[in-house]
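Asker: One structure coming up, written as structure tokens, with questions to follow.
The values are calculated or read from the model by the stated rules, or taken from the named source; none is laboratory data. If you're wondering where the values come from, they're calculated on a predicted model, not measured in any experiment. Here the Cβ is made from the backbone with ideal geometry for all residues, glycine too, and neighbour counts use every protein chain on show. Side chains included, ligands, DNA and RNA excluded: accessible areas come from the protein's heavy atoms. Shrake-Rupley method; radii C 1.70, N 1.55, O 1.52, S 1.80 Å.
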Amino acid sequence: MMKITPEDYAILERGIKRTIADTGLSLDNYTSLGLTAKRYRWDLLEKSQIKIGDGVTIDGDINIYAYANKAHLDTALRRITKTR
């Protein structure tokens, strides 16, 4: 079960899929350079320019860190990118 809310997941999914379409980046690009799937996922998040906040000190486009951590965020990214 994923801890990220459906609303935050939808924003994240739209941003990541838009970034994949805009950049043409694929997991194959990364693995051919010896980079990991995790690096691919987190680079896509960075390139998406979605601001991740905690809703307290950092207000983001999505405030995932108010209720989840990086492991939960990575689970969502794995699901979106269909990587392990």
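Asker: How much accessible area per residue does segment 6-81 have, counting only protein heavy atoms and a probe of 1.4 Å, in square angstrom?
Answerer: I get 59 Å² per residue for segment 6-81.
Asker: Continuing with the same structure: Just to confirm a number: summing +1 for Lys and Arg and -1 for Asp and Glu over residues other than R14 whose beta-carbon lies under 13 angstrom from that of R14, what do you get? Walk me through the numbers on the way to the answer.
Answerer: On the way: positive: K17, R18; negative: E7, D8, E13, D22, D61.
Every neighbour counted, the sum reads -3.
Asker: Considering only G24, G15, G60, give the residue with the highest GNM mean-square fluctuation for the chain, with springs between Cα atoms whenever their separation is below 10 Å.
Answerer: G24
Asker: Using the Cα centre as the reference, give the magnitude of the dipole from point charges on the C-beta atoms of the chain (Lys, Arg: +1; Asp, Glu: -1; all else neutral), rounded to the nearest 20 debye.
Answerer: 380
Asker: Also: For T31, what accessible area in Å² do you get when you roll a 1.4 Å probe over the heavy atoms of the protein chains, rounding to the nearest 10?
Answerer: T31 exposes around 80 Å² with every protein chain in place.
Asker: Just checking my list (1) 5.3; (2) 11.3; (3) 4.8 against mean projected area of the Cα convex hull in nm² computed from this structure; which label fits?
Answerer: Comparing each candidate, only (1) matches the computed number.
Asker: Next question, about the same structure. Can you tally the net charge around D28? Count Lys and Arg as +1, Asp and Glu as -1, for every other residue whose Cβ sits under 15 Å from the Cβ of D28.
Answerer: Result for the local shell: +3.
Asker: Probe radius 1.4 Å, ligands and nucleic acids ignored: give me the carbon and sulfur share of the accessible area of the chain as a rounded percent.
Answerer: So the carbon and sulfur contribution to the accessible surface is 51 percent.
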